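Beneath this line is the structure, given in structure tokens, with notes to follow.
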Amino acid sequence: MILGIDVGGTHTDAVLLDNFQVKKKTKVPTNQRHLVSSLIGVMDDILRDEDLSALERVVFSTTLSTNAIVQGKTDRVGMIVASGPGLAPEDLRISEDMRFVSGYVSNRGIEVAPIKKGEVEEAAAGLKASGIAHLGVVCKFSTRNPAHENQIGELVRSGFRHVSLGHRMSGNLNFRRRIATTYLNASVHDLYSRFVDEILEFAARAGIKAPLYILKADGGTFEIRRSAEQPVQTILSGPAASVMGILSLADCAGADAVAVDMGGTTTDIALLADGVPLLEPLGVTIEGHRTLIRGLKTRSLGLGGDSRVRVDDGRLVIGPRREGPAAAFGGPWPTPTDAMIVLGLTRIGDAAKAQTAVAEIAGKLNLPVAEAARAIFEKTCRDIASAVDAMVEEVNNKPVYTIHELLEGKTLRPKRLFIVGGPAGAVASRLGELLGCEAVIPRDAEVANAYGAALARTTAEITLLAETERGSLTIAEEGLEVKIPAHFTRRDILRIGMERLRERARRLGAVEPDIETEIVEDQEFNMVRGFYATGKNIRLKAQVKPGLIAGFGKGGPRS
Amino acid sequence: MTQRRKTGLVFFPAFDWAISPTHPEREERLLYTQDQVFEEGLLDFENIVEYKPGLATIEDINRIHICVPDARSVITESHLISAGGAITAAEKVLEGAVDNAFALVRPPGHHAMRVVHGARGFCNINIEAVMIEHIRRKYGHRRVAVIDTDCHHGDGTQDIYWHDPDTLCISIHQDGRTLYPGSGFPDEFGGPNALGTTINIPLPPETSDEGFLHVLEEVILPIVQEFKPDLVINSAGQDNHYTDPITNMRFSAQGYARLNERLKPDIAVLEGGYSIEGALPYVNVGIILAMAGLDYSHVREPDYDPGALRQSDEITRYIREMSKDVLELWKRRHTFKAEIVKGARYARRNRNIYYDTDGIREQQEETVRICNDCGGFIAVNSMASTGNRVYAVIIPSRSCDLCRLEGERHFHGVDKAKQGVHYLVLQDRDRDVYVVK
């Protein structure tokens, strides 16, 4: 048996699978003030009278970190940053509590200037004196050589509750994003650790022995204890859950498609190329912070079934906020859901209340009520369709770096629309028409997110750089630099990379049959001095593909 | 802090194209630049937008080059992308999507001349010229200033626009007596119909930032200001850098950024620059920041030492004198024509051109009609050591009625067999027609 739980913004869904079939499903309102109680409540409920020894795994998807960041309920974080040459420090500033120190390595990872112990200690002491308990340490090109971050970490560790090091967050280049990612990681660390402790305590008390996992933004999972070190990986995992849900519930194979999850507050859009979800190439963005957190390429539109509908200057405006439920459910304002009820597209709530709410809009637009409802519904669908179109266009315009990519570049042309979420049934056919796609509502769509979380496998990635001239091999995410011989080859990096990747995946909680590896980047360049080749610069990036656990279906995201 | 501007970037490192594995123009030329641009997170700035390069077409090339035997034979896909990248950068500026744009593309193009039998100085087609003519065709005629800051003389661009009074070509470079291609002296001043629209400023080896910023302030900016171009294009070669392996200059990333900030090009197109590790990452980041109006004062090479890079007093004096001379020449440009032309109806020049990359020799005779109303129609008779012979008649952009009439008559009067040529070409830039007989 597998238990999947998705703690969403409005509802918490849970699904208990037995032999990949839904045995039980449930949906309860989320207690926003205390997410962990929603989670524990649902778990307690669904597992009652079940044989816990038959439980193979439990997977959660939670908005805890996301909400904390969006609502600004995070801890104050001090940052010690070695920015080296390049951007001016002011263009890197993320908060007042940022201290710049000397020392840097070059784009090849060669130390150019060492860090200064006194400077680091002074910076740390200053931050500590202002009452800061959480620290982030980031150096430029630290994924090419983590030594400076490790050294600074050692120097300051004892003074703070927790220290997050930049190179552990991602192997990708991007100093500004590394700063933001490390900062966010440190800022939710305490909150998230408490959450993990409470879950573990509950599981122990309840006698749950099965491994517990948390869903990440890329649609993969990691073991809950490991997640406490990198809570930032769990941000924006909500859309990932719904995409994994669609992948597991519908037959997505082979075609370009759009995946839409229309909820009460927002509509999340993702894209599938040949059945595989697209990833955000560098990292997801949250609250204006561009991060290095690998995640699905999703767009969240402030438009859902419960969005407030109003008339502004004679024009309809829908969203971006939800100000209570639909009028049909006692909410204060008319919503798209009310319009759908008036149009007879759904039979939920109190139709009379919906009628009254839409009539208010009709009055302002000088239209009969039915036409006003039609206009609201049409605008809702059109707004979503144009967001989808804009996203497809953006993907098709993304820059490329080789002749091959440019000439052979695939153009995404979605042919199917997979749609889940509350209003899915009402909007599916019209939205499909607008997009020129066949519309599909998967079975068990109302618990798609929990279903997706339940079946998501553990993912991992690893970034290696071999510099034979320097005789060095760096494994970014592991913070490792080792010596290599001058005759080190591409074959060696492939062997070492794959071994390390499997090891890392196992450490993060992967079980052997799920470790489906894939090479994401594989490049080899000559290093030339004057006109003579002096060595090789070999780059490898590999991943355990996001996807569904073994024994269930095929497919998974790709970059 | 300067004002922020919206800057377009077209980045095409062509990781799968090289002249040869250890050639300076090889796959990894922009590798560390890409690393640095990515690590600095430049593409995340709201005012820096990256665009995918378009593909130039054969028509784009034929609008400005006479390729022998034809355009397809002298290029690879990479050239179409490189020129296409420059075109994309220009389009984004002309359509108002951005304030300025930088095409970080390869292979480069400024040694490619009007007639192309093969590759010269790693260049097959002139990507700036292809871009400029594309702009003129699509958006209407523009007065254009090309400022070539590559360490090598921009002899290809000079050749293409030698007779064009609407295109100002200024090249600063290491003195031709000490570096390929050996040309680019102040007396190379433009054809008789376009005197002064070619300006050459050769700098002595070991000139530093101070010297070229002096030339910029005292010569280039005043000339550009007087020329009143609609567009300023920077042929942004970066091999004046003190770490460049094939040149002898002492420019730094700070100097390049400062130059860009002062010149304010609408479009910059990457040309040479072969210090792929020590210079390109820093120079390119400096230029991008300067174009976008961001603070570049912290951009510094790992081994930067301004003291060690200072130019000698002798060089300073030399450059000051030469700057005065060049400016004086420019001021008197209108007075030379009668003296040079001496009442002749046509002017002729004979040249030997060497294609160093491909080892081809070309003999060329070029005749231009003396005209006071347009650039003048041109006839080019070219013979290469490949055995290929071509005769081309070129009607200039915005040609006057007489040049058109005489040009067309001349084209129809050429007897291929009698001239002993394999290809007879009419390139009508005014009507955008390219005919091969």
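The values are calculated or read from the model by the stated rules, or taken from the named source; none is laboratory data. Remember, predicted model here, so these are calculated numbers, not experimental data. Heads up, the Cβs are rebuilt from the backbone with ideal geometry, glycines too, and the neighbour counts pull from every protein chain shown. Only protein heavy atoms, including side chains, enter the accessible area calculation; ligands, DNA and RNA are left aside. Shrake-Rupley method; radii C 1.70, N 1.55, O 1.52, S 1.80 Å.
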Considering every residue within the range B:99-116, establish whether at least one is open to solvent by 20 Å² or more (accessible area, probe 1.4 Å), more than 19 Å from residue B:362 (Cα to Cα) and without any contact (Cβ under 8 Å) to a residue 60 or more places away in the chain. no
Among the candidates A:268, A:261, A:274, which residue alone is over 14 Å from the mean Cα position of the chain (by Cα), within 15 Å of residue A:392 (Cα to Cα) and open to solvent by 10 Å² or more (accessible area, probe 1.4 Å)? A:274
Restricting attention to the range A:507-524, report how many residues are surrounded by 13 or more Cβ atoms within 10 Å (Cβ to Cβ) and either among the aliphatic types (A, V, I, L, M) or away from chain B (no Cβ under 12 Å) (or both). 12
Hey, residue A:157 away from chain B (no Cβ under 14 Å) and of a type outside the set (A, V, I, L, M) or not: yes
List the pairs whose first member sits in the range A:525-544 and is away from chain B (no Cβ under 12 Å), whose second member is assigned to a strand (DSSP E or B) and crowded, with 18+ Cβ neighbours inside 10 Å, and whose Cβ atoms are under 6 Å apart, counting only residues at least 6 apart or on separate chains? A:540/A:464; A:541/A:463; A:542/A:462; A:543/A:461; A:544/A:460
Residues of the range B:58-86 that turn out to be within 14 Å of chain A (Cβ to nearest Cβ), part of a helix (DSSP H, G or I) and of a type in the set (A, V, I, L, M), as a count: 3
Only residues that are within 33 Å of the chain's Cα centre (by Cα) and not charged (D, E, K, R): list them for the range A:103-119, please. A:103, A:104, A:105, A:106, A:107, A:109, A:110
Which of the residues spanning the range B:33-49 are within 7 Å of chain A (Cβ to nearest Cβ), within 14 Å of residue B:11 (Cα to Cα) and either touching a Ser or Thr at 6+ places or on another chain (Cβ under 9 Å) or open to solvent by 20 Å² or more (accessible area, probe 1.4 Å) (or both)? B:38
So residue A:64, is it more than 17 Å from residue B:40 (Cα to Cα), away from chain B (no Cβ under 14 Å) and at pLDDT below 95: yes
Failed criterion for residue B:30 (all others in (1) within 14 Å of residue B:289 (Cα to Cα); (2) in contact (Cβ under 8 Å) with a residue 40 or more places away in the chain; (3) open to solvent by less than 20 Å² (accessible area, probe 1.4 Å); (4) within 12 Å of chain A (Cβ to nearest Cβ) hold): (1)
For the range A:436-452, how many residues are surrounded by 22 or more Cβ atoms within 10 Å (Cβ to Cβ) and modelled with pLDDT of 95 or more? 1
Kindly provide the set of residues from the range B:1-26 that are within 20 Å of residue B:55 (Cα to Cα), in a loop (DSSP other than H, G, I, E, B), under 22 Å from the mean Cα position of the chain (by Cα) and at the interface with chain A (Cβ under 8 Å from one of its Cβ atoms), ordered by number. B:13, B:14, B:17
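Among the helices (runs of 4 or more DSSP H) contained in the range A:403-476, which hold 3 or more residues that are in contact with a strand residue (DSSP E or B) (Cβ under 6 Å, 6 or more places away or on another chain)? Please lay out each step first, then the result.
On the way: elements: A:403-408, A:424-435, A:448-455.
Of the helices (runs of 4 or more DSSP H) lying wholly inside the range A:403-476, those with at least 3 residues that are in contact with a strand residue (DSSP E or B) (Cβ under 6 Å, 6 or more places away or on another chain) span A:424-435, A:448-455.
For every residue, the table says whether it meets (1) modelled with pLDDT of 95 or more; (2) buried (at least 19 other Cβ atoms within 10 Å of the Cβ); (3) assigned to a helix (DSSP H, G or I).
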| site | (1), (2), (3) |
| --- | --- |
| A:294 | no, yes, no |
| A:309 | yes, yes, no |
| A:324 | no, no, no |
| A:347 | no, no, no |
| A:352 | yes, no, yes |
| A:356 | yes, no, yes |
| A:359 | yes, no, yes |
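Among residues belonging to the range B:177-189 that are without any contact (Cβ under 8 Å) to a residue 40 or more places away in the chain and open to solvent by 10 Å² or more (accessible area, probe 1.4 Å), point out the one that is farthest from residue B:398 (Cα to Cα). Step through it out loud before you land on a result.
Taking the range B:177-189 as the starting set, the residues that turn out to be without any contact (Cβ under 8 Å) to a residue 40 or more places away in the chain are B:177, B:182-185, B:187-188.
After this cut, where a residue has to be open to solvent by 10 Å² or more (accessible area, probe 1.4 Å) as well, the list is B:177, B:182-183, B:185, B:187-188.
Details: B:177: 37, B:182: 32, B:183: 29, B:185: 29, B:187: 27, B:188: 24 Å.
The residue in question is B:177.
Looking only at the range B:235-249, which residues are under 15 Å from the mean Cα position of the chain (by Cα) and part of a strand (DSSP E or B)?
Hits for the range B:235-249 are B:235, B:236.
State all residues of the range A:163-177 that are at the interface with chain B (Cβ under 7 Å from one of its Cβ atoms), open to solvent by less than 10 Å² (accessible area, probe 1.4 Å) and part of a helix (DSSP H, G or I); if no residue qualifies, say none.
As a first pass, look at the range A:163-177 and keep what is at the interface with chain B (Cβ under 7 Å from one of its Cβ atoms): A:173-177.
Checking which are open to solvent by less than 10 Å² (accessible area, probe 1.4 Å) leaves us with A:174-175.
Across the range A:163-177, the qualifying residue is only A:175.
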